[in-house]
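Novice: First the structure, then my questions, so here it is.
FYI, it's all coordinate maths here, none of it is from the lab. Model, not experiment: these values are computed from the prediction. Because the Cβ atoms are built from the backbone with ideal geometry, glycine has one as well, and the counts that use them run over all protein chains shown.
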Amino acid sequence: MNQIKSKLPEVGTTIFSKMSALANQHKAINLSQGFPGFKVEETLISLVSKYLEEGKNQYAPMPGILELRVTLSNYLGKTYHCELNPESEITVTAGATQAIYNTISAVINEGDEVILFSPAYDCYAPAIEVHGGIPVFIPLKHPDYSINWKSVKEQINSKTKMIMINSPHNPTGSLLSKEDLEQLKEVTKGTDILIISDEVYEHITFDGEKHESVLSYPELKKRSMVVYSFGKSLHVTGWKLGFCVGPDWLMNEFRKIHQFTVFSCNSPMQYAINEYILNHNPFANTSEFYERKRDLFLASIKDSRFKIIPCKGTYFQLLNYSEITDMNDVEFAEKLTIEHGIASIPISVFYPDLEDNKVLRFCFAKEDDLLIKAGKLLCTI
């Protein structure tokens, strides 16, 4: 009776849902799924209530309320030394995932190749495949997870339509450097290759490291769709609000898809976020806030048998467990959850060939006491 031919026959439930469900089942500390485990700033909550009561409850304009887009244009322009037209180059989205999916939907056709770097966040490849595109995976160098630009040059051909980058990088916590962006500029020079730059963790970098945005590089900016997340930067992942930035010719194609998927996004929250950014400078101390949490978590596991892989950004810490067991990372992650009461994410699931380097990802965007408790558990293993 079933006449449906699946467009994603190999795709099942995400690893995040699986590990969170396992954590709930066994009452484990959940450091698997990447969401903040603390309260949202009261000022921001009160601003949402304010705009609800003022009646900002109907559809926002399709690209987002103009006031917010102007604020974002000014902020990004000052931060990354670029000029942006808030009317034609910025669109508010239902989270970063929607922005990524709609960009791919707008430009990828049957047979187009898209270069990805593995381990790659799990929403990238399915969006490409649904539209008949072909993901071309280039592995990041383990253990520093840097890009082999020689491999990138070798993979580029007449079918290469797009390159997707992600910095600060989920799941590894690595950063692209200025040299990386210069290399990206060089390999795309003289081509029509587009770029999606996933920069949702832009405000979370550590140890004096600076986030390098493609917006700071005019030759890259003119061919790029850059994706951001209010959920990550304001600790409100459940609001599913983000935005994307791109040249008007590319944004025009994006909006053709956007208007028929979500059309527009939550109105009162857009007004609230706009006022919050204007009056409270909410991003100023985000890196410092999360760096302290990273350092607390690392201090709590200093006597464990796990090997620390440096985290330069995001709110994820990778730990290598090769000195503990030879189990594959999925099995070991399940064992930690069931037998030791702490849930993580195995990194092999982000590779097309399930490459297993005996590495797990732990989210440290949690309350301090929970991080200390988690650290004590890891020290017993």
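Novice: So what is the orientation-averaged projected area of the range 59-104, using the convex hull of its C-alpha atoms, in nm²? Let's see the in-between values first.
Specialist: Numbers: hull surface 14.3 nm².
The orientation-averaged projected area of the Cα hull of the range 59-104 comes to 3.6 nm².
Novice: If you take every DSSP beta bridge fully contained in the chain, what fraction is antiparallel? Give it as a percent rounded to 5. Don't jump to the answer; show the numbers that get you there.
Specialist: Details: 20 of 40 bridges.
Looking only at bridges with both residues in the chain, the antiparallel portion is about 50 percent.
Novice: Compute the semi-axes of the equivalent ellipsoid of the chain, taking the square root of 5 times each eigenvalue of the Cα gyration tensor, and list them largest first in whole Å.
Specialist: Details: eigenvalues 199, 141, 87 Å².
Each semi-axis is the square root of five times an eigenvalue, giving 32, 27, 21 Å.
Novice: Another question, then. Ratio to report: Rg/Rh of the range 225-330, with Cα atoms as the point set and Rh obtained by the Kirkwood method; give two decimals.
Specialist: Numbers: Rg = 19.6 Å, Rh = 17.5 Å.
Looking at the range 225-330, the ratio lands at 1.12.
Novice: Then there is this: Above 18 Å lies some portion of the pair distances; for the range 140-264, what is it as a whole percent of all C-alpha pairs?
Specialist: 58 percent
Novice: When the C-alpha atoms of the range 14-137 are aligned to their principal axes, what extent does each axis show, in angstrom, from largest down?
Specialist: Principal-axis extents of the range 14-137 (Cα, largest first): 44, 44, 31 Å.
Novice: With unit charges on the beta carbon (Lys/Arg positive, Asp/Glu negative), name the residue among Ala99, Pro247, Leu72 whose Cα is farthest towards the positive pole of the charge dipole of the range 42-280.
Specialist: Highest projection toward the positive end goes to Pro247.
Novice: Given the -39500 (n - 2.57) contribution per DSSP H run of 4+ residues, what per-residue ellipticity at 222 nm results for the chain, rounded to the nearest 500 deg cm²/dmol?
Specialist: Numbers: 14 runs with 147 residues, N = 381.
Computed mean residue ellipticity for the chain: -11500 deg cm²/dmol.
Novice: Also: Under a Cβ-only charge scheme (Lys and Arg +1, Asp and Glu -1), can you give me the dipole magnitude of the range 42-280 about the Cα centre, in debye to the nearest 20? Write down the numbers at each step before the final one.
Specialist: Working: 20 positive and 29 negative charges, 42 e Å.
Dipole about the Cα centre, nearest 20: 200 debye.
Novice: Tell me, what is the FRET efficiency for Asn279 and His340 to the nearest 0.05, using R0 = 41 angstrom and their Cβ-Cβ distance as r?
Specialist: 0.35
Novice: Using only the Cα atoms of the range 64-204, each taken as one equal point scatterer with no solvent, compute I(q) by the Debye sum, divide by I(0), and report log10 of the ratio at q = 0.13 Å⁻¹.
Specialist: Debye output, listed in q order: -0.62.
Novice: Which pairs in the list Lys178/Lys312; Lys178/Lys366; Lys153/Lys185 are over 19 Å apart, alpha-carbon to alpha-carbon?
Specialist: Working: Lys178/Lys312 15 Å; Lys178/Lys366 31 Å; Lys153/Lys185 12 Å.
Flagged as over cut-off: Lys178/Lys366.
Novice: Sort the following peptides by mean Cβ neighbour count (other Cβ atoms within 10 Å, averaged over residues), highest first: 154-162, 137-145, 315-323.
Specialist: Sorting 154-162, 137-145, 315-323 by mean packing, highest first, produces 315-323, 137-145, 154-162.
Novice: I need the peptides 82-89, 37-44 ranked by packing, meaning the mean over residues of other C-beta atoms within 10 angstrom, with the highest value on top.
Specialist: Working: 82-89: 17.1, 37-44: 13.5.
Per-residue mean Cβ counts within 10 Å order the peptides as 82-89, 37-44.
Novice: Run through every distinct alpha carbon pair of the range 117-193 and return the Kirkwood hydrodynamic radius in angstroms, one decimal place.
Specialist: Values: mean 1/r = 0.0754 Å⁻¹.
Roughly 13.3 Å, rounded to one decimal.
Novice: Neighbour counts of other C-beta atoms within 10 Å: give me Cys244, Cys379 arranged from fewest to most. Intermediate results must be reported in sequence, preceding the final value.
Specialist: Working: Cys244 27, Cys379 14.
Starting with the residue having the fewest Cβ neighbours, the order is Cys379, Cys244.
Novice: Choose one answer from Leu250, Leu194, Leu354: the residue with the largest mean-square fluctuation in a GNM of the chain with alpha-carbon springs under 10 Å.
Specialist: Leu354
Novice: HN-Hα J couplings of the range 119-127 from phi, Karplus 6.51/-1.76/1.60, θ = phi - 60°, integer Hz, Gly and Pro as x?
Specialist: Per-residue couplings from phi come out as x, 10, 3, 6, 8, 5, 4, x, 5 Hz.
Novice: Let me spell out the model: positive unit charges on the Cβ of Lys and Arg, negative unit charges on the Cβ of Asp and Glu, origin at the Cα centre of the range 30-125. What dipole size does that give, in debye rounded to 20?
Specialist: Values: 5 positive and 12 negative charges, 68 e Å.
Dipole of the range 30-125, to the nearest 20 debye: 320 debye.
Novice: Just grab the label-to-label distance for Thr325 and Asp303, each label 7 Å out from Cα along the Cβ direction, in nm (one decimal).
Specialist: Simple spin-label model gives 2.2 nm for this pair.
Novice: Given a 10 angstrom Cα cut-off, can you work out which residue in Leu278, Leu220, Leu370 is the most mobile in a GNM of the chain?
Specialist: Most flexible of the set in this elastic network: Leu278.
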